[in-house]
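Q: The structure under discussion is supplied below as structure tokens; questions concerning it will follow.
The values are calculated or read from the model by the stated rules, or taken from the named source; none is laboratory data. Here the structure is a predicted model, which is why all the values come from computation and not from measurement. All Cβ positions, even for glycine, are placed from backbone atoms using ideal geometry, and neighbour counts span all protein chains on display.
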Amino acid sequence: MARIGGRDRGVQFKNGSWWARYYANGKEVREKCDNKTQAKAIYAKRLVEIREGRYFPKAKNVRVLFKDLTDDYLRYAALHHKRQGDDIPRVKTWLDAFGNVPAEDVKPSQVEEVMARLKEEGMEPATIHRRLTVLKAIYNRALREGKIDKNPILRVQSPKFDNRIVRYLTPDEESRLFAALPGRLHPIVSVALHTGCRQGELLRLIWGDVDFASGTILIREAKSGESRRVVMNSRVKSVLSSLSGKEKPSNPVFSNTFGGFMDGGNLRREFEGAVKKAGIAPFRFHDLRHTFASRLAMNGANDRTLQTLLGHKSQAMILRYAHLGPSHLQDAVEGLVKPKLRIVDDLPGKSAK
């Protein structure tokens, strides 16, 4: 930061407060700040915005409505988030509650009231947590963009939940699920059960990523941000071999009735309908991945194998399946009750005790 006479340019301490001071459109502008560091940062940011033509001063006494923040956030999510449709119902929860309220007037107690209502309506704590995460992301983005001066819901606490609980299909539940599913969804559900792939990974899959010769599927956009290869068993090979569209590498493996990519929202609705019809609720599409991992664990797969097949970067995520394959743990604790071997000193000239 340039300095004038030992003082930082564009930073002023006056009347007990720090101010960022700059000129825009021939007029002096001052912004009140919490401290000197913030004043320096705002001054530098405004200079860049003015130079690049991105500086639009807020009109006095004009308050930004919450719905204006959501519009900007959804545009951002559409560009940067892989599963764009997921944010829409989460944003709608808050839009219904605060749409026409000035964004900075929303109170933590009001947010907590919405969360309490969602809980009373039967929404799971993990789902409420994701909705709150989106609300905080909306405010954080608005703060970074200078649309608001403060984040009023910064200290709202997320509900506690345990995401280590695993829901997986029993053989009987699997039979009931397939009996209730529309026939066109059988292939994608079968592949999910036998590969552990996520819904988004399967919906983006194209035939150019399926290698029958090596028996693997290339997942280009995994959750970790890195690509990975998934091993196909005989069931997966059989299911994929029966599908059409393989003649063109860019064709989707799981297509809609028009040959295009299957819509995730429609898939989720039809899957949830089948789950209710089969009487196995609660069960999500993602629980097919848990079923895959649980069955591997129950068949004796070790932690490293599970980590590799699921594509996890660390073993922390697979600890939820440890109790399903406890044979090695049982062997370890059983060793405590086995009789100890006698130590025999068989050196020449000595007898065993």
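Q: Looking at the stretch 139-156, can you tell me whether even one residue there is closer than 30 Å to residue 256 by Cα, modelled with pLDDT of 90 or more and surrounded by 13 or more Cβ atoms within 10 Å (Cβ to Cβ)?
A: Of the stretch 139-156, the ones closer than 30 Å to residue 256 by Cα are none.
No, there is no match, as no residue in the stretch 139-156 is closer than 30 Å to residue 256 by Cα, modelled with pLDDT of 90 or more and surrounded by 13 or more Cβ atoms within 10 Å (Cβ to Cβ).
Q: Return a yes/no flag: does the stretch 137-151 have any residue that is within 30 Å of residue 283 (Cβ to Cβ), of a type outside the set (S, T, N, Q) and in contact with a Lys or Arg (Cβ under 8 Å, 6 or more places away or on another chain).
A: no
Q: Here's another thing I want to ask about it. Only residues in the stretch 26-50 that are of a type in the set (A, V, I, L, M, F, W, C) count as the first member; pair them with residues that are part of a helix (DSSP H, G or I), Cβ under 8 angstrom, at least 6 apart or cross-chain, and list the lot.
A: Final answer for the pair search is 29/46; 33/39; 33/42.
Q: Now a separate question. Taking the criterion of being among the hydroxyl-bearing types (Ser, Thr, Tyr), closer than 18 Å to residue 216 by Cα, exposed (fewer than 14 other Cβ atoms within 10 Å of the Cβ) and under 29 Å from the mean Cα position of the chain (by Cα), would at least one residue in the stretch 233-249 satisfy it? Quick ask: steps written out before the conclusion?
A: We begin by selecting, within the stretch 233-249, every residue among the hydroxyl-bearing types (Ser, Thr, Tyr); these are 234, 238, 241-242, 244.
Right, trim to closer than 18 Å to residue 216 by Cα and you get 234, 238, 241-242.
From what's left, exposed (fewer than 14 other Cβ atoms within 10 Å of the Cβ): 234, 238, 241-242.
Pick out the ones that are also under 29 Å from the mean Cα position of the chain (by Cα) and you get none.
Taking every residue of the stretch 233-249 in turn, none turns out to be among the hydroxyl-bearing types (Ser, Thr, Tyr), closer than 18 Å to residue 216 by Cα, exposed (fewer than 14 other Cβ atoms within 10 Å of the Cβ) and under 29 Å from the mean Cα position of the chain (by Cα).
Q: Out of curiosity, is residue 289 in contact with a Lys or Arg (Cβ under 7 Å, 6 or more places away or on another chain), buried (at least 17 other Cβ atoms within 10 Å of the Cβ) and basic (Lys, Arg)? Quick ask: steps written out before the conclusion?
A: Working: in contact with a Lys or Arg (Cβ under 7 Å, 6 or more places away or on another chain): yes; buried (at least 17 other Cβ atoms within 10 Å of the Cβ): yes; basic (Lys, Arg): yes.
Considered against the rule, which asks whether it is in contact with a Lys or Arg (Cβ under 7 Å, 6 or more places away or on another chain), buried (at least 17 other Cβ atoms within 10 Å of the Cβ) and basic (Lys, Arg), residue 289 comes out as yes.
Q: Are any residues in the stretch 281-333 within 25 Å of the chain's Cα centre (by Cα), assigned to a loop (DSSP other than H, G, I, E, B), at pLDDT 75 or above and over 29 Å from residue 271 (Cα atoms), and if so, which ones?
A: none
Q: Criterion first (touching a strand residue (DSSP E or B) at 6+ places or on another chain (Cβ under 9 Å), modelled with pLDDT of 65 or more and not polar (S, T, N, Q)) does residue 336 satisfy it? So that I can check it myself, show each step before the final result.
A: Details: touching a strand residue (DSSP E or B) at 6+ places or on another chain (Cβ under 9 Å): no; modelled with pLDDT of 65 or more: yes; not polar (S, T, N, Q): yes.
Against the criterion (touching a strand residue (DSSP E or B) at 6+ places or on another chain (Cβ under 9 Å), modelled with pLDDT of 65 or more and not polar (S, T, N, Q)), residue 336 does not qualify.
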